[in-house]
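Heads up, the thing below is written out as structure tokens.
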There are 2 protein chains.
Amino acid sequence: MGATREGESVIQSIDRAAKILTLLQGSRRMGITELAAALDLPPSTVHGIVKSLQAHGLVAQQPSGNRYVLGPALLKLSSVYLDTLDVRARSMRWMHELSSRTGLATRLGAELFGEVIVIHHDRRPDGTEQMPETGLTIPSHASALGKVLLAYDAAHAADALSRPLAALTADTVTDPDRVREGLEQVRRDALGFENEEAVIGESSVAAPVCSEDGDVIAAVAVVMPASEWPPSDAVLAELRDAARSISRDLGAPAWPPRPPATAG
Amino acid sequence: MGATREGESVIQSIDRAAKILTLLQGSRRMGITELAAALDLPPSTVHGIVKSLQAHGLVAQQPSGNRYVLGPALLKLSSVYLDTLDVRARSMRWMHELSSRTGLATRLGAELFGEVIVIHHDRRPDGTEQMPETGLTIPSHASALGKVLLAYDAAHAADALSRPLAALTADTVTDPDRVREGLEQVRRDALGFENEEAVIGESSVAAPVCSEDGDVIAAVAVVMPASEWPPSDAVLAELRDAARSISRDLGAPAWPPRPPATAG
DNA sequence: CCAGACATTCGATATTGTCGAATGGCTTTC
DNA sequence: GAAAGCCATTCGACAATATCGAATGTCTGG
């Protein structure tokens, strides 16, 4: 085959397969006709694709019979994916130290298609039960991690701020221009703040993590109950130390990073 | 298209795409020609597939340029996959309680293509740094989780014990028949044991988790340093309680489960 | 017991992925 | 510093392949 139109030259069936995975990612469990309707394709076509995915464990049909869900093979794949991430490996001990010292949960995030995906998560050191957050995605404009990543990555910012911004709480900033204004402060301080903008009762601060060639490739955050807002200077200092240590481990030439020239 | 031969009727390009993902899962980073050689396909064909996967974030090429790795989209997909698992959601609080009471790390595992995949992991409650283990896969024959799952699932056992069993440590049982013998004890006690058979210095005990219709769909384990072997009766009792509680939450009619009739 | 909805199978068709050769970029070697 | 080799990438023709619509089977609800 090959591209019929300019721009895209993706293999049709793989493209459709990926779309099916994305669809299942959104609405947990779907039937064949449901998927077919969503993709505007005949059910038999969708059936063939789903069965092929199922053969590799990428989707599974639940015992109930006629509904499909994402499959266990994805878990193994993602586990290996995480292992390939230098950033994550180098961050873990610093994040654990950061959690211990501040008594707060910490997150490491990177960009994924205009959102932030949590690459590592270290829980608050008290013994309470806490959901694992690795793999979680958060809108960039409503998170401290996201603001930091937006501030240093023009492409990410252009992508994320071009579409309508969702209001997750009453305090979410949904005006792209106001978000952009906030980014200047982030670049100045090398710290991004967020107070109940994503989740009610939860606030966070993030700092950039730089790679060998000086690019901001990730961000670390401390997450705290909104009742503890604003964070003490001690916490901010610990956060900065952690971000600097990780960046240093990665071979970054400098920290804090230089804001991109394009960002005037 | 459709199946040319009996048995399989998977879509070729999707099959190849999945194989590429599996290949990248094994050897972290690979080039196009390397993949092409492994699949015995022309590089141009592989290139097209890889690019299609890349467009959806399922693979990524590392900055270095010419090598491909698994992509971040897998992380989000697996995160949603985990959320769809009833077992996991119901297990979390009981596992956390089990960890707190015993002071040991706990794991929840299910079957994936003849191996065991860790679906949830609750760390030891001391403050030490511990790797997240969710997503890890372990050979069934060398783990307590695996032994339990094998004992109650004939298909899994047939699958897993048909191929050569890897020796992970000096104590790994690699003779299929000896493994099978061990399973009778597992069915009798509803507990599977493993002492340094997978990892040197680490031992574990597992118990079955049953679904609504009485099938064993997962297993819970406590993991301890080999120096603490054998586990106390108190620990075993806590483990049984946790397994029973989870099964009850899932609507299981009975616990311990009845061994399958086929297993005579 | 019947009706409807849905998953699934099957076979013909042409759309589509595949392949081999040619190009371009990069690193290595002498 | 120039050349050679390796590897990713692009292109276009071909026919193998995925797609589609209709028919069948299966389950659920009335």
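A short reminder: the numbers here are calculations on the coordinates, not readings from a lab. Keep in mind the model is a prediction, meaning the values are calculated, not measured. Glycine gets a Cβ as well: all are built from the backbone with ideal geometry, and neighbour counts include every protein chain shown.
Average partner chain C-beta neighbours within 10 Å, per residue of A:85-97? Please report the intermediate quantities before stating the final value.
Values: counts 4, 1, 0, 1, 1, 0, 0, 4, 1, 0, 1, 4, 1.
Whole-number average of other-chain Cβ neighbours for A:85-97 is 1.
I want the local charge near A:Ser27. Using Cβ-Cβ distances under 15 Å, sum +1 for each Lys or Arg and -1 for each Asp or Glu among the other residues. Mind dumping the intermediate values first?
Numbers: positive: A:Lys19, A:Arg28, A:Arg29, A:Arg67, B:Lys76; negative: A:Glu34, B:Asp83.
It works out to a net charge of +3.
A compact globular protein would have a Cα radius of gyration near 2.2 N^0.38 Å; the ratio found for the stretch B:197-264 is 1.25. On the rotation that sends chain B to chain A, the chain B Cβ lying closest to the axis gives residue and distance in whole Å as B:Ser78, 2. For the protein assembly as shown, the residue among A:Ser99, A:Ala252, B:Gly201 whose Cα projects farthest onto the positive side of the dipole built from Cβ charges is A:Ala252. Projecting the Cα atoms of A:Thr169, A:Gln130, A:Ser27 onto the charge dipole of the protein assembly as shown, computed from C-beta unit charges around the Cα centre, puts A:Ser27 farthest toward the positive end.
Shape analysis of chain A based on the Cα gyration tensor places the equivalent ellipsoid semi-axes at 36, 22, 19 Å, largest first. If you average the sequence gap of Cα pairs under 8 Å that are 6 or more apart and divide by the length of the stretch B:124-263, what percent do you get for the contact order? Taking the mean separation of contacting Cα pairs over the length of the stretch B:124-263, I get 23 percent. With a 10 Å cut-off around each Cβ of A:130-138, the average count of Cβ atoms from other chains is 5.
Label separation (A:Arg163 vs A:Ala89): 3.3 nm, computed from points 7 Å beyond Cα along the C-beta direction. For the segment A:52-59, counting C-beta atoms of other chains within 10 Å of every residue's C-beta and taking the mean gives 6. Distances, shortest first, from the label point of A:Arg28 to those at the same position in the other copies read 3.6 nm; the point lies 7 Å along Cα to C-beta. Taking chain A as a Gaussian network of alpha-carbon nodes connected by springs under 10 Å, the highest mean-square fluctuation of the residues A:Leu183, A:Leu21, A:Leu149 belongs to A:Leu21.
In this Cβ point-charge picture (+1 for Lys and Arg, -1 for Asp and Glu), the protein assembly as shown has a dipole of about 800 debye about its Cα centre.
Below 15 angstrom from the Cβ of A:Asp153, what's the summed charge of the other residues (Lys, Arg +1; Asp, Glu -1)? Provide the component values of the computation, followed by the final result.
Working: positive: A:Lys147, A:Arg180, A:Arg187, A:Arg258; negative: A:Glu111, A:Glu115, A:Asp159, A:Glu184, A:Asp213, A:Asp215.
Net local charge, A:Asp153 excluded: -2.
Taking every C-alpha pair closer than 8 Å and separated by at least 6 residues, the mean separation divided by the residue count of the stretch B:89-199 gives a relative contact order of 21 percent.
Relative to the longest principal axis of the Cα atoms of chain B, the long axis of helix B:43-55 lies at roughly 60 degrees. Label point of A:Ser9 (7 Å along Cα→beta-carbon): distances to the other copies' equivalent points are 3.4 nm, sorted ascending. Taking each DSSP H run with n ≥ 4 as -39500 (n - 2.57) and averaging over every residue of chain A yields -13500 deg cm²/dmol at 222 nm.
Taking the C-alpha atoms only, the angle from helix B:233-249 to the longest principal axis of chain B is near 60 degrees. Inter-copy label distances at B:Asp241, using a point 7 Å along Cα-to-Cβ, come to 4.0 nm with the shortest given first. Got a sec? Charge dipole of the protein assembly as shown, +1 on Cβ for Lys and Arg, -1 for Asp and Glu; which of A:Gln12, B:Leu77, A:Leu145 is way out at the positive end? With unit charges placed on the Cβ atoms, the residue in question is A:Gln12.
Computed from point charges on the beta carbon alone (+1 for Lys and Arg, -1 for Asp and Glu), the dipole magnitude for chain B about its Cα centre is near 800 Debye. Placing +1 on each Lys and Arg Cβ and -1 on each Asp and Glu Cβ, with no other charges, gives the stretch A:175-256 a dipole about its Cα centre of roughly 240 debye.
Which GluC sites (Glu not before Pro) in the stretch A:46-149 sit in a loop by DSSP (not H, G, I, E or B) and have at most 14 other Cβ atoms within 10 Å of their own Cβ? Each step should come with its number before you reach the end.
Numbers: sites: A:Glu97, A:Glu111, A:Glu115, A:Glu129, A:Glu133; in loops: A:Glu129, A:Glu133.
Hits after loop and neighbour filter: A:Glu129.
Of the two radii for the protein assembly as shown, the radius of gyration is 0.98 times the Kirkwood radius, both from the alpha carbons; that is the Rg over Rh value.
A simple rule links phi to the HN-Hα coupling: the Karplus curve 6.51 cos²θ - 1.76 cosθ + 1.60 with θ = phi - 60°, which for the stretch A:157-169 gives 4, 4, 5, 5, 8, 7, 9, x, 8, 6, 9, 8, 9 Hz, with x for Gly and Pro.
Below 8 Å, C-alpha to C-alpha, sequence gap of six or more: please give me the relative contact order for chain A in percent. Please report the intermediate quantities before stating the final value.
Details: 439 pairs, mean separation 36.8, N = 264.
After rounding, I find 14 percent.
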